[in-house]
1. How much net charge surrounds Arg216 when only other residues with a Cβ under 10 Å from its Cβ are counted (Lys, Arg +1; Asp, Glu -1)?
2. Among Pro179, Asn69, Trp87, which residue has its Cα positioned farthest towards the positive end of the charge dipole of the chain, with +1 placed on the Cβ of Lys and Arg, -1 on the Cβ of Asp and Glu, and the dipole taken about the Cα centre?
3. Please give the calculated 222 nm ellipticity per residue for the chain, where each DSSP H segment of at least 4 residues contributes -39500 (n - 2.57) and the sum is spread over every residue; nearest 500 deg cm²/dmol?
4. Tell me which residues come under 5 Å, amide H to amide H, from Ala75 once H is placed; ignore anything under 5 positions away on its chain.
5. Show the residues, 5+ positions off or on another chain, whose built amide H is closer than 5 Å to the amide H of Val141.
6. Given an 8 Å cut-off on Cα distances and at least 6 residues of separation, report the relative contact order of the chain as a percent.
7. Between beta-carbons, use under 12 Å as the cut-off and find the net charge around Ala198, counting Lys and Arg +1, Asp and Glu -1.
8. If you plug each phi of region 136-151 into the Karplus form 6.51 cos²θ - 1.76 cosθ + 1.60 with θ = phi - 60°, what whole-Hz ³J(HN,Hα) values come out, in order, with x for Gly and Pro?
Amino acid sequence: MLEKILSDLTTTNTQLVAVSKTKPVDHILEIYHKGQRVFGENKAQELKEKHSQLPQDIEWHFIGHLQTNKVKLIAPFVKLIHSIDSWRLLKAVNKEASKQNRVIDCLLQFHIATENTKFGLDITEAEAFLTSPEFQSLEYVRIVGVMGMATFTNNTIQVRSEFKNLKGIFDQLKGNVFPDSIDFKEVSMGMSGDYAIAIEEGSTIVRIGSLIFGRR
Ligand SMILES: *Cc1c(COP(=O)(O)O)cnc(C)c1O
């Protein structure tokens, strides 16, 4: 299945994050040996352990809700945090990154689904915060794009419209907040069930777990 996904991605500008949450290191190594180097996890402690047990050239992405007190577990090595869903969290990441003397790339997670259980920011608040002096002072985080999860439904019209919404948020922030930034370029959307639609709607990063690793 990895081969099929990669072939779907070859003609696009989209990167694959293989979501390995709950899967054992042996299984991750198997996928690693097929050439995959970017993996995603949603629990800080699990990510820390897997990072220490697996090859050091893996790029680890954090994709789940992150508690501020867990940031320190992943700050030394995490390549991209997809799930900045509060300014408090962004400030915590900045603080831990500064202790490591590194800049951590982050995506802002927006709430695009109709389910009210999903975490995420609000576009109006985001524009206000990102143009504030307080944001300017966060020197150890770099905002490289946005992330969102569509509603879990078979209704492809709804899923497409939610992805369009996220791409619209990206375009708005690009235009109003990051017009001169070459770093602000990522739209992380699309999972096992909806990645084809996400790519059509402008995804630059898909996060795929069960299609690669099997059911959890
Ligand atoms: C689990 C997870 C995925 C992958 O889901 P699949 O349906 O297994 O592809 C993607 N994004 C996030 C945020 C996740 O938690």
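All of the numbers you see were taken from the coordinates with simple rules; none came from a lab. If you're wondering where the values come from, they're calculated on a predicted model, not measured in any experiment. All Cβ positions, glycine included, derive from the backbone under ideal geometry; neighbour counts span all protein chains shown.
1. Around Arg216, the surrounding residues sum to +3.
2. Final value for the positive-end residue is Asn69.
3. -11000 deg cm²/dmol
4. Sorted by chain and number, the residues that satisfy this come to none at all.
5. Ile104
6. Averaging sequence separation for qualifying contacts and normalising by length gives 20 percent for the chain.
7. -1
8. These are the phi-based 3J(HN,Hα) values: 4, 7, 7, 7, 10, 10, 10, 8, 10, x, 10, 9, x, 10, 6, 4 Hz.
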